[in-house]
Amino acid sequence: MKTALLVVCALIACVGFVWLPHLVFAAELQYDLYINQKIFYYHVPAAFMQFVAVFVCGITSVVFLSTRSAQWDDIASGAGDLAVLFGALLLTSGPIWGKAAWGHYWVWDARLTQSLLLWTVFIGYALLRRYGGLGSERLAAGMAIFGMAVVPMIYFAVNFWKTQHPSNSVVPNLTGSMRMAFWISMLSYLSLFVLLLAAHVSIGRWRRRFLSVKYIAMETE
Amino acid sequence: MKKTLLSVLSLLMLASPAVAQSLEMTDEQLAPYKIKRDEAGNPAEPTAAAGQRFMKALTERDAEVASVVRDAVRYEIQDEETKKFARQKNFVLIAYGVIWALLAGFALAMWLRQKNLIKQIRKFETRFADDDDDSDDDQ
């Protein structure tokens, strides 16, 4: 069942990412932003995947803290690394688009600043997992829960504050070819997320088992 | 595109004194081809409507001259669009390139991590196998 799901995700990701450039460039041209609007089809799905990664990390961290079951910690660790990855995609494609559309790589408006904050929180999470040693899992879980609380603020930042960033009404108002390109991109990104998470969790699990055996062997000696 | 058409036609109309002199048209003759405005001075019709009236009248008056004007406007628009595309496509290509480079970098990092893990496991297995051999020799 798990293997079948991963195979399906791999197929969807491969087909989606191969088909996507054609869909993106065949999509209608947005009048105001012109050709640089095409970055939207990679930038926004990356943002959503970061949010998904943060929520998965946060929720599994909550479950880990309550059950102390290592399998939830493995998933949280994988999702935390993916939050850093998709955050990097978001924070590189965004400024490039910003330079094209606004003439500036970066503006310190609410959404961009909070997105950068969220990314640094999860860089801290990843460093803690790597170098924190035994017992750092619980501290990292706390960080992940804090990060998860930031996501709604980022999403609604464009409503609460006057920002330069486009509003949340862009996606619901997409029509025709633009809507199709966007949702194929989202599906491809989601499939890629599942694959990367599964691979990361598998590596993390083996590493944990190996370290457990190593510590036991060292104690026995 | 409409803005460019309007700006070219507006330039023709704004230079109306010079144009009128060369085309022998008075301000009163050009008046129908200006944008209609309400009492507050705001446009009372779409911005392209005045230009379209002008082109219709010009076509009726002299189809060849109208055709020449249309070609000039079309060239201006195409030239502007081509330059805009050339300027902006680089941003799109760089953004896509960076995204794929980051994804490839992450996949490579995971692969290296797995390779390192396998190497440590093998090293550990070898060490255990040596320990077993040593204990067998002792016996």
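The values are calculated or read from the model by the stated rules, or taken from the named source; none is laboratory data. Note that this is a predicted model, so its numbers are computed, not measured. So basically every Cβ, Gly included, is an ideal-geometry build from the backbone, and we count neighbours across all protein chains shown.
Against the test of being within 12 Å of another protein chain (Cβ to nearest Cβ), surrounded by fewer than 12 Cβ atoms within 10 Å (Cβ to Cβ) and over 30 Å from A:Y34 (Cα atoms), the options B:K123, B:K83 yield a single qualifying residue, B:K123.
Does the range A:27-50 contain at least one residue that is of a type in the set (G, A, S) and within 30 Å of A:G204 (Cα to Cα)? Looking through the range A:27-50, at least one residue is of a type in the set (G, A, S) and within 30 Å of A:G204 (Cα to Cα). Pairs only if they're at least six apart or on different chains, beta carbon under 8 angstrom, first in the range A:194-221 and at the interface with chain B (Cβ under 9 Å from one of its Cβ atoms), second basic (K, R); list them, first residue then second. Correct list of pairs: A:I203/B:R113. Might you let me know whether the range A:112-131 holds any residue that is part of a helix (DSSP H, G or I), more than 27 Å from A:D74 (Cβ to Cβ) and touching a residue at least 40 places away in the same chain (Cβ under 8 Å)? Yes, there is a match, as at least one residue in the range A:112-131 is part of a helix (DSSP H, G or I), more than 27 Å from A:D74 (Cβ to Cβ) and touching a residue at least 40 places away in the same chain (Cβ under 8 Å). Being within 11 Å of another protein chain (Cβ to nearest Cβ) and surrounded by fewer than 17 Cβ atoms within 10 Å (Cβ to Cβ) is the requirement here; does A:P45 meet it? Here the answer is no, as A:P45 does not meet what is asked. For the range A:15-42, filtering for residues that are part of a helix (DSSP H, G or I) and away from every other protein chain (no Cβ under 13 Å) leaves 6.
The number of residues in the range A:66-93 that are within 17 Å of A:R208 (Cβ to Cβ) and away from chain B (no Cβ under 11 Å) comes to 13.
Among the residues of this structure, A:A110 does not count as one that is touching a helix residue (DSSP H, G or I) at 6+ places or on another chain (Cβ under 6 Å), of a type in the set (G, A, S) and closer than 16 Å to A:T60 by Cα.
Identify, please: which residue in the range B:63-80 is within 30 Å of A:N36 (Cα to Cα) and of a type in the set (A, V, I, L, M) and is, among those, farthest from the other protein chains (Cβ to nearest Cβ)?
Of the range B:63-80, the ones within 30 Å of A:N36 (Cα to Cα) are B:70-80.
So of that shortlist, the ones also of a type in the set (A, V, I, L, M) come out as B:72-73, B:77.
On the way: B:A72: 23, B:V73: 19, B:I77: 13 Å.
Looking at the filtered set, the residue picked out is B:A72.
Considering B:V73, B:V69, B:V92, which residue is assigned to a helix (DSSP H, G or I), of a type outside the set (G, A, S), within 18 Å of B:M25 (Cβ to Cβ) and modelled with pLDDT of 85 or more?
Numbers: B:V73 fails: within 18 Å of B:M25 (Cβ to Cβ); B:V92 fails: within 18 Å of B:M25 (Cβ to Cβ).
The unique qualifying residue is B:V69.
A:G103 meets all of the listed conditions (1) assigned to a helix (DSSP H, G or I); (2) at pLDDT below 95 but one, namely (1).
Return yes when B:A104 is within 21 Å of A:L91 (Cβ to Cβ), loosely packed, with under 12 Cβ neighbours inside 10 Å and either more than 9 Å from chain A (Cβ to nearest Cβ) or in contact with a Cys (Cβ under 8 Å, 6 or more places away or on another chain) (or both) and no when it is not. Talk me through it step by step, then tell me what you get.
Details: within 21 Å of A:L91 (Cβ to Cβ): yes; loosely packed, with under 12 Cβ neighbours inside 10 Å: yes; either more than 9 Å from chain A (Cβ to nearest Cβ) or in contact with a Cys (Cβ under 8 Å, 6 or more places away or on another chain) (or both): yes.
Criteria met by B:A104.
For the range A:127-144, give me the residue count where each residue is surrounded by fewer than 17 Cβ atoms within 10 Å (Cβ to Cβ), at pLDDT 90 or above and closer than 15 Å to A:V84 by Cα. Final tally of qualifying residues: 1.
Pairing residues of the range A:94-105 that are within 9 Å of chain B (Cβ to nearest Cβ) and under 22 Å from A:F48 (Cβ atoms) with residues that are among the aromatic types (F, W, Y) and in a helix (DSSP H, G or I), at Cβ distances under 8 Å and at least 6 apart in sequence or on separate chains, gives A:I96/B:F91; A:W97/A:F40; A:W97/B:F91; A:A100/B:F91.
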